[in-house]
Amino acid sequence: MPIRLHDSLTRASRELQPSHPDGVFRFYNCGPTVYAPAHIGNFRTFVVNDVVRRLLELEFGAAKVKHVRNLTDVDDKTIKRARDEGRPLADVTKQWTEKFHADCDALNCLRPHVEPTATGHIVEQVDMIEVLMQKGNAYRAADGSVYFKVNSFDGYGKLSRVKERELQANAAPSNKSQAADADEKEDVSDFALWKAHKPDDGANAWESPWGRGRPGWHIECSAMSKKHLGDTIDLHTGGVDLLFPHHENEIAQSECCNGTQFAKHWYHSEHLLVDGKKMSKSLGNLYTLEDLIAKGFSPMALRYALLAGHPRKQLNFTLDSLHAAESALKTLREFRATLLDSSTASHDAFGPVLHALHEDLNTPGALGALFTVVNRRSGEVDAASFDRAIFALGLDLKATATVTTETPAEITALAEKRWAAKKAKDFAAADTLRKEISAAGWTMLDRKDGYSLEPAKK
Ligand code: AMP
Ligand code: ZN
């Protein structure tokens with residue numbers, strides 16, 4: 001059964017196929033910037049990519065899939081964090097890389113085969129920039145920075161369909177890098193390949209033919225995919241915010257340097273919203289996996305909830321969706337316990353689950369198909385068929401249902417306020433506070449001389 005996936009370049013659903021004679025499917029996925037814990041929006045993207053990886057393995061065989069995902073360990077944000085904390089950059093990025101790995105493991109995401117870092121590939125990035133300089137696609141500015149000359153590449157804009165006018169408007173700094181370097185550029189849409197050393201960068205600089213500095217952000221993915229996967233990759237993915245300028249710039253750098261098509265297929269998943277809004281610290285709706293565990297939810301419930309929406313549509317996350325996910329997982333665990341591993345049923349009852357995933361990664365359709373069979377609970381079901389479907393979705397049914405944890409400080413603060421309100425006989429306020437506590441996933445139990453808090457029962 002072929003895997004069909006929307007391709008952002010052609011805007012059509014296309015079959016995934018290895019293009020190299022060795023039959024190995026080459027999969028590159030833009031990874032995290034390691035300066036803070038990843039939030040659940042980041043994890044939507046990584047969980048969706050993990051389902052792609054699993055489908056590829058089922059389709060082509062585990063040994064015929066090579067998955068590379070980079071770690072951005074030098075950019076404006078990582079350097080700023082290290083500076084603010086007075087720590088070496090490598091210490092900070094090591095801390096957050098380890099946290100990222102722990103979270104990915106808890107979410108049952110398969111580790112990529114190669115996880116290259118930007119700082120570990122300075123030579124490869126410099127080599128690539130040198131080729132771009134030789135070919136006339138790049139120039140050195142007076143301060144020692146090197147820029148990619150956008151109008152030297154006719155194909156610029158083919159992924160994002162960005163028009164000349166929009167190009168200029170959008171050339172403003174993106175979420176990573178591209179800081180205040182506008183003055184040095186020949187054209188506003190040109191972007192940095194190499195950034196000359198600035199005092200704020202501290203010790204985070206490397207020697208290059210253009211002077212001391214550090215790579216621009218985009219070049220790391222071009223250089224690392226070339227090194228670990230070759231000039232042409234079969235699938236390149238990331239969140240929708242990376243489509244422009246990051247992926248457009250990757251295409252420009254790679255295709256000008258290598259003289260061949262960079263990626264055969266592009267896939268972008270949509271963003272996660274929380275309570276209908278973009279996640280942000282100031283709105284207080286930015287959750288990490290740890291925040292949800294502190295509210296008593298299991299990482300598997302988050303994985304389930306992240307898969308409950310179509311990856312090409314925005315997904316609105318609510319804490320309620322985690323309650324529903326916990327109960328769905330409970331049903332699946334109980335169902336699995338009724339299946340005999342030795343079952344000889346030949347009918348692939350859960351085939352429709354894979355079918356839905358093979359049609360443009362329809363994860364809600366797959367969960368629907370899963371429960372259609374589970375709820376029927378009739379006839380003999382092949383355990384292997386169920387396990388295959390569960391593997392594709394990456395739901396670890398053996399993982400602990402709920403991770404016990406300490407009560408978060410903000411819940412204790414609410415509880416204290418409510419207890420004080422109750423003692424003052426302000427029952428309306430006490431009631432409102434109880435609702436707030438339970439909306440956050442906790443139950444406050446009143447005792448004769450105090451109270452206790454426990455994660456809400458699912
Ligand atoms: P970053 O660490 O900022 O490079 O982001 C890592 C990945 O998470 C990228 O593929 C982003 O596109 C993706 N991402 C960032 N914010 C969200 C969000 N709210 N929902 C889904 N994916 C996101
Ligand atoms: Zn990238």
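Throughout, read-outs are computed from the coordinates displayed, never taken from laboratory work. Fair warning: this is a prediction, and the values are worked out from it, not measured in the lab. Here Cβ is always computed from backbone atoms with ideal geometry, including for glycine, and neighbour counts include all displayed protein chains.
Some values worked out for this structure:
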{"quantity": "Total formal charge among the other residues, if their Cβ is under 11 angstrom from that of Lys264, Lys/Arg +1 and Asp/Glu -1", "calculated": "-1"}
{"quantity": "Test item: Cα-centred dipole of the chain, Lys/Arg +1 and Asp/Glu -1 on Cβ, debye", "calculated": "1180 debye"}
{"quantity": "Table column - 3J(HN,Hα) (Hz), the range 415-429, Karplus curve with 6.51, -1.76, 1.60, x for Gly and Pro", "calculated": "4, 4, 4, 5, 4, 5, 4, 5, 5, 7, 6, 8, 5, 5, 5"}
{"quantity": "Relative contact order of the chain, pairs being alpha-carbon contacts under 8 Å that are 6 or more residues apart, as %", "calculated": "17 percent"}
{"quantity": "At most 13 other Cβ within 10 Å, DSSP loop - trypsin sites (Lys or Arg not before Pro), the range 273-340", "calculated": "Lys278, Lys281, Lys313"}
{"quantity": "Whole-Å semi-axes of the range 195-282's equivalent ellipsoid (Cα gyration tensor)", "calculated": "27, 24, 9"}
{"quantity": "Rounded tilt (10° steps) of 122-134 against the dominant C-alpha axis of the chain", "calculated": "40 degrees"}
{"quantity": "Cross-link pairs Lys158/Lys264; Lys135/Lys227; Lys66/Lys158 - those with Cα-Cα distance over 23 Å", "calculated": "Lys66/Lys158"}
{"quantity": "Over the range 409-455: Rg over Rh, Cα atoms, Kirkwood Rh", "calculated": "0.92"}
{"quantity": "Three principal axis lengths of the range 1-81 [C-alpha, angstrom, descending]", "calculated": "46, 26, 21"}
{"quantity": "Computed P(r) (all Cα pairs; the range 277-393; 10 Å bins; percent)", "calculated": "13, 39, 30, 14, 4, 0"}
{"quantity": "Under-5 Å amide H pairs with Ser298, H placed in peptide plane, nonlocal only", "calculated": "Val403"}
{"quantity": "Centre separation in Å (Cα based) which lies between the range 1-58 and the range 304-342", "calculated": "21 Å"}
{"quantity": "Cα-based reach from Lys423 at 17 Å (exclusive), listing aspartates and glutamates while leaving out same-chain residues under 8 positions away", "calculated": "Asp431, Asp446, Asp449"}
{"quantity": "Over 25 Å between alpha carbons, listed pairs Lys80/Lys149; Lys94/Lys281; Lys295/Lys425; Lys64/Lys398", "calculated": "Lys80/Lys149; Lys295/Lys425; Lys64/Lys398"}
{"quantity": "Shape call, the range 4-269: gyration tensor on alpha carbons, a/c limit 1.5", "calculated": "oblate"}
{"quantity": "Cysteines not pairable in the chain (beta carbon separation under 4.7 Å absent)", "calculated": "Cys30, Cys221, Cys256, Cys257"}
{"quantity": "Residues with amide H under 5 Å from that of Thr443, placed H, sequence gap 5 or more", "calculated": "Glu454, Ala456"}
{"quantity": "Vicinal HN-Hα couplings computed from phi for the range 144-149 (Karplus, 6.51 cos²θ - 1.76 cosθ + 1.60; Hz; Gly/Pro x)", "calculated": "x, 7, 10, 10, 7, 8"}
{"quantity": "0 to 90° range, to nearest 10: angle between helix 89-106 axis and the chain longest Cα axis", "calculated": "40 degrees"}
{"quantity": "Anisotropy class of the chain from Cα gyration tensor, a/c 1.5 cut", "calculated": "oblate"}
{"quantity": "The range 30-163: C-alpha gyration tensor shape, a/c 1.5 cut-off, then a/b vs b/c", "calculated": "oblate"}
{"quantity": "Span from the the range 65-135 Cα centroid across to the the range 243-283 one, whole angstrom", "calculated": "17 Å"}
{"quantity": "Using θ = phi - 60° and Karplus 6.51 cos²θ - 1.76 cosθ + 1.60, couplings along the range 41-53 (whole Hz; Gly, Pro as x)", "calculated": "x, 3, 5, 4, 4, 6, 5, 4, 5, 5, 5, 4, 4"}
